[in-house]
1. Taking the condition of being surrounded by 17 or more Cβ atoms within 10 Å (Cβ to Cβ), under 21 Å from A:Glu216 (Cα atoms), more than 14 Å from chain B (Cβ to nearest Cβ) and not aliphatic (A, V, I, L, M), how many residues in region A:42-66 meet it?
2. Within region B:26-54, restricting attention to residues that are over 19 Å from the mean Cα position of the chain (by Cα) and part of a helix (DSSP H, G or I), which residue is surrounded by the most Cβ atoms within 10 Å (Cβ to Cβ)?
3. Taking A:Phe94 as the residue in question, decide whether it is at negative phi and assigned by TED's automatic domain parsing to the domain that holds A:Leu187.
4. Take the conditions farther than 20 Å from A:Pro6 by Cβ, basic (Lys, Arg) and touching a residue at least 60 places away in the same chain (Cβ under 8 Å) and apply them to A:Lys24. Does it pass?
5. Show the residue pairs that are 6+ apart or on different chains and have beta-carbon atoms under 7 Å apart, the first residue being within region B:128-139 and under 19 Å from A:Ala83 (Cα atoms), the second being in a helix (DSSP H, G or I) and polar (S, T, N, Q).
6. Please tell me if B:Arg142 is over 23 Å from B:Ile73 (Cα atoms), at pLDDT below 90 and of a type in the set (D, E, K, R).
7. Residues that are within 14 Å of another protein chain (Cβ to nearest Cβ): list the helices (runs of 4 or more DSSP H) wholly contained in region B:91-208 that include at least 3 such residues.
8. Could you check, for region A:173-188, whether at least one of its residues is among the hydroxyl-bearing types (Ser, Thr, Tyr), over 26 Å from A:Leu250 (Cα atoms) and at pLDDT 90 or above?
Amino acid sequence: MSPADPLLRATALQKSFGGNQVLKSIDLSIDSGQVVALVGPSGSGKTTVLRCLNGLETPDGGTVAFRDGPAIDFGPKIPRKDALALRDRSAMVFQTYNLFPHMTVLENVIEGPVQVRKRPRREAIADAERLLARVGLADKRDDHPFNLSGGQQQRVGIVRALALQPDLLLFDEPTSALDPELVGEVLTVIKELAEEKWTMVIVTHELAFAREVADEVVFMDEGVVVEHGHPDQVLRDPHHERTRRFVDRLLNPF
Amino acid sequence: MDWDLLRSSFWPMLSGGLTATIPLALASFALGLLLALVIALMRISGQPVLSAIARFYVSVVRGTPLLVQLFVIFYGLPSLGVTIDPWPSAIIAFSLNVAGYAAEILRAAILSVPKGQWEAGHTIGMSRALTLRRVILPQAARVSVPPLSNTFISLVKDTSLASLILVGELFREAQQIASFSQQFMIVYMEAAAIYWVFCLVLSTGQSALEKRLDRYVAR
């Protein structure tokens with residue numbers, strides 16, 4: 001693939017859990033530097049798409065191809081190892097942070113670079129300190145996660161993902177577990193990353209945020225992409241009835 | 001009260017405790033824990049055969065008396081041409097036995113770590129083995145300290161069974177002194193007291209270890 005090609009292209013992704021087909025056939029294309037917001041009702045399969053891109057789930061069928069590899073065709077008998085190759089290209093920020101509770105903030109951040117990427121510890125620490133300072137957490141480096149607020153923990157979660165310098169950042173409802181007054185500090189960090197041209201896929205219910213930050217909004221429902229396009233179009237003037245109903249419901253909950 | 005007997009029997013018993021009971025328990029526990037980890041991982045491996053072997057092992061160990069296990073190894077194996085000295089026999093029997101119990105403790109402790117921790121390890125590129133070592137086991141260790149301490153304390157007392165295969169541990173010293181002096185009550189009470197002190201010390205150690213491992217957890 002040439003540099004003009006998308007960073008990531010997923011085609012016809014399918015995934016079932018038990019008899020429940022969560023992803024029917026998902027196509028997704030993400031350019032370098034693009035921010036894609038995945039929105040849709042709960043149970044629509046957004047999170048599963050994200051997890052398939054990161055190799056946390058193995059799709060039953062379809063392909064996931066990164067520019068310059070790996071490109072994986074998920075058949076019925078794809079070796080687990082191959083699916084894991086996806087992880088080298090992306091990193092996930094979880095809804096519930098999933099920081100390592102037995103490690104300090106700094107140890108959480110350098111764990112991947114040192115243990116997996118085999119970078120010299122001193123270098124990894126210097127990078128981690130720089131990243132922590134950027135999200136306003138320089139003074140928390142020696143604290144354990146349980147001493148931090150949810151917003152602070154999520155910022156550490158973001159830094160832990162950034163420290164791996166992935167080509168693609170994946171956010172799984174990064175603010176859903178947060179108290180409302182803490183949402184802003186996390187969204188601010190994500191917005192700054194967008195301005196720095198990180199490529200990101202964000203599963204979110206924050207439509208206002210999606211409209212402000214995303215280059216493209218993908219609306220999913222019942223395991224299919226219903227429509228996608230510029231945020232202003234999808235969120236203000238949706239073509240599809242299902243999208244319209246979803247947006248209405250989120251904007252006017254009562 | 002025969003104070004002279006109490007005094008003269010104290011040192012042989014204590015030295016039996018320090019040179020046999022405690023080392024026997026420590027060695028068996030260390031080996032047993034290693035084996036337990038292997039069995040626990042087999043059980044949660046998701047491989048039907050490995051999992052079945054592990055279940056069978058745990059079932060046999062927990063379903064048969066330790067004394068019988070000990071006798072099979074020391075008195076039974078020689079008839080198959082395998083003769084093992086008392087000390088190694090005791091260590092083998094005790095560690096195989098401890099492994100059966102500790103495997104279930106470790107399995108539960110590993111499963112008690114939230115799935116999100118595995119996923120966090122995976123998303124930063126860790127393999128399953130690396131995630132287990134760096135992320136899961138340190139957290140499982142904290143959960144498993146109280147039940148494993150129980151197992152260890154039981155083991156310390158169970159080592160008295162080794163007296164029956166001629167290991168010169170605390171209780172064997174007690175038996176010899178008792179039969180020689182014919183003062184069964186005094187001598188056996190004294191032996192009991194020494195076991196009790198050993199276990200008190202171990203309980204204190206357990207509390208200290210729990211405190212240490214609890215440092216990073218919200219209460």
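1. Residues meeting the conditions: 4.
2. B:Arg43
3. no
4. The answer is yes for A:Lys24.
5. B:Leu130/A:Gln115
6. Here the answer is yes, as B:Arg142 does meet what is asked.
7. B:115-123, B:128-131, B:137-158
8. There is no residue in region A:173-188 that is among the hydroxyl-bearing types (Ser, Thr, Tyr), over 26 Å from A:Leu250 (Cα atoms) and at pLDDT 90 or above.
The values are calculated or read from the model by the stated rules, or taken from the named source; none is laboratory data. Everything quoted here is computed from the prediction, not taken from an experiment. Neighbour counts are summed over all protein chains in view; Cβ atoms, including those assigned to glycine, are modelled from backbone coordinates with ideal geometry.
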